[in-house]
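Reading through the structure tokens given below for one structure.
Every read-out reported here was derived from the displayed coordinates using simple, explicitly stated rules and does not represent laboratory data. These numbers were taken from a predicted model, which means no experiment stands behind them. Here the Cβ positions follow ideal geometry from the backbone for every residue, glycine too, while neighbour counts run over all protein chains shown.
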Amino acid sequence: MWPNSDELQSNLTRGLRQRHPGTVKSTAEGRKQMGVKHMRAKLLGVCLISAFFGCESKDRGGGDQAVIVKISVLSNGDLLEDGQKVTIDQLAASLQKVKAANGKVWYYREAAGQEPPAIALQVMKALVDNRLPVSLSTKPDFSDYVDEKGQSHQR
């Protein structure tokens, strides 16, 4: 389903050379230039999915708040669920429980302007596979959310 890294690298470099002949001198440069755009496109896709399914926690009548899991992807590749370090397999199992409870995900990625760690793509895939509503945050304490226009707002 997902292309392997060699296919992705080849496609990214070929795409850059077609769009900007003579500007891509090496595969590493092409990967770096397109990698950021590719990840931004994936994050945009998650935002659109989130907008479709709803982002914010709402009271569901009986006074019970919806289940919210807070996921942080750190720049060193660590993955946190509600502040505790977890593996991608542990997170995937947890996300299935969140889905069963009609829960939501608040997502934060450290150093969002830089190349994402490999685990970030795996997290995005797990979120999409479970069709969970996702609210993006620019702050590690999840005190804000990013709207569909990319603007940050206080929660």
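Within the range 93-124, being touching a Pro at 6+ places or on another chain (Cβ under 8 Å) and not β-branched (Val, Ile, Thr) holds for LYS104, TYR108, ARG109, GLU110. Among the residues making up the range 112-122, those that are surrounded by fewer than 19 Cβ atoms within 10 Å (Cβ to Cβ), of a type outside the set (S, T, N, Q) and outside any helix (DSSP H, G or I) are ALA112, GLY113, GLU115.
Residue-by-condition table, conditions (1) surrounded by 17 or more Cβ atoms within 10 Å (Cβ to Cβ); (2) within 13 Å of the chain's Cα centre (by Cα):
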site: VAL98; (1), (2): yes, no
site: GLU110; (1), (2): no, yes
site: MET124; (1), (2): yes, yes
site: VAL128; (1), (2): no, yes
site: ASP141; (1), (2): no, no
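Determine whether the range 90-97 contains at least one residue that is out of contact with any Leu (no Cβ under 7 Å at 6 or more places or on another chain), of a type in the set (Ser, Thr, Tyr), farther than 21 Å from SER152 by Cα and free of Cβ contacts under 8 Å to residues at least 60 places away in the same chain. Taking every residue of the range 90-97 in turn, at least one turns out to be out of contact with any Leu (no Cβ under 7 Å at 6 or more places or on another chain), of a type in the set (Ser, Thr, Tyr), farther than 21 Å from SER152 by Cα and free of Cβ contacts under 8 Å to residues at least 60 places away in the same chain.
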